[in-house]
1. Please state which one of L222, L197 is assigned to a helix (DSSP H, G or I) and within 15 Å of the chain's Cα centre (by Cα).
2. Tell me which of these V175 doesn't satisfy, since it passes every other one: (1) assigned to a helix (DSSP H, G or I); (2) of a type outside the set (S, T, Y); (3) in contact with a Cys (Cβ under 7 Å, 6 or more places away or on another chain).
3. K119 is checked against (1) crowded, with 19+ Cβ neighbours inside 10 Å; (2) at pLDDT below 85 and fails just one. What number does that condition carry?
4. All but one of (1) at positive phi; (2) without any contact (Cβ under 8 Å) to a residue 40 or more places away in the chain hold for S193, so report the exception by its number.
5. Could you figure out which of (1) β-branched (V, I, T); (2) crowded, with 21+ Cβ neighbours inside 10 Å; (3) out of contact with any Lys or Arg (no Cβ under 6 Å at 6 or more places or on another chain) isn't true of T184?
6. Which of the residues that make up segment 225-234 are surrounded by fewer than 23 Cβ atoms within 10 Å (Cβ to Cβ) and either modelled with pLDDT of 95 or more or outside any helix (DSSP H, G or I) (or both)?
7. Take R205 and tell me if it is of a type outside the set (A, V, I, L, M), at pLDDT 90 or above and assigned to a strand (DSSP E or B).
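The values are calculated or read from the model by the stated rules, or taken from the named source; none is laboratory data. Computed from a predicted model, the values in this text were never measured in an experiment. Here the Cβ positions follow ideal geometry from the backbone for every residue, glycine too, while neighbour counts run over all protein chains shown.
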Amino acid sequence: MTTQTSPADPKTPSVAAPVATGITAAEAMGWMHTAKFLTTAPQLHFLPPLSVPEIAFVGRSNAGKSTCINTLTQQKQLAFASKKPGRTQHINLFSLGKQGVTDAVLADLPGYGYAAVPKQDKIRWQQVMANYLVTRENLKAIVLMCDPRHGLTELDEILLDVVRPRVEEGLKFLVVLTKADKLTRSEQTKALSIMKLQAGGGEVRLFSATKRQGIEDVATLLWQWAHPEATSAAAAAASTSPSD
C-alpha cells in the first residue's frame, strides 16, 4: 500500500509517499496493538537472548517516549511514564505478534538527561545504554524521540555517534519529532528539514499523539523493518507489475 499525507491538512507538511510495503496502515496498527509486556532488566545480562528483530525506543526524559509507544500500540499504560522523569532505570521489553507468535520485540530504554538524577546514575545508565546499542545482536532498528522545539541535545548527539557505525552497517534509524502539534506548519517543515540533515541518513517523521499525526506512518515503517523479507517481496512485486 502507498500512503501519503493528505494535502488537505493545513498543519501537516507534505511527505513523499513510500514504496509498496506489503501491508496496509490498518494492518500495521493492528500488529502494533498486539504488544505485550515481556520482561524488564536492570542490566544487560538480565536481557533474554532473542532471535526476532528488536526495535529500541530511546530519548531524553520528557521527550514523549512513553506517550509515543502507548499511542502506537493503542494501549494507555503499556509504557510506564514515571512522575519523576529519569527515575525509571530498567530496559523494558514488549513482544509483538499475532496468533500468539512473537515476530518482533520493542525495547523501551530509560530516558536520559534529567537533571534530578544523581551524576553517578547518569554515567552508569549512559554506559548501559551504549553497551546495549552497540552489542545487542538482534537489534534491528532504533527510534529516537526528539522534541522539535528543543532539537537534538548533547546526549542525543552522543547517542548518534555511538550508533553511527551500526547504522552504516545497515541498522535502521528513525527520529520521531514528538509533540509536533506544538508547532505551526512552517515550523514543522523547518524542523523536518533540519532533522533530516542531522539524522545521518536515517528516517525522520513528525508525530503528534494529540492530533493523531504520523502514527500510521511510523507503525507501517516499523512493520517494514521487522519484516524485511516481506517488504522486499512486496517492493519486487510492485516493480515488476505492469503499469496502468
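1. Details: L197 fails: within 15 Å of the chain's Cα centre (by Cα).
Criteria check complete, one pass: L222.
2. It is condition (1) that V175 fails.
3. (1)
4. Here S193 clears every test but (1).
5. So the condition that T184 fails would be (2).
6. Initially, segment 225-234 is screened for residues surrounded by fewer than 23 Cβ atoms within 10 Å (Cβ to Cβ), giving 225, 227-234.
Result: W225, H227.
7. Numbers: of a type outside the set (A, V, I, L, M): yes; at pLDDT 90 or above: yes; assigned to a strand (DSSP E or B): yes.
Yes; evaluated as a whole, the condition is true for this residue.
Rundown of residues vs (1) closer than 20 Å to T102 by Cβ; (2) in contact with a strand residue (DSSP E or B) (Cβ under 9 Å, 6 or more places away or on another chain); (3) crowded, with 21+ Cβ neighbours inside 10 Å; (4) among the aromatic types (F, W, Y), yes/no style:
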position	(1), (2), (3), (4)
F37	yes, yes, no, yes
A41	yes, yes, no, no
H45	no, no, no, no
P48	yes, yes, no, no
S51	yes, no, no, no
A63	no, yes, yes, no
I69	yes, yes, yes, no
T73	yes, yes, yes, no
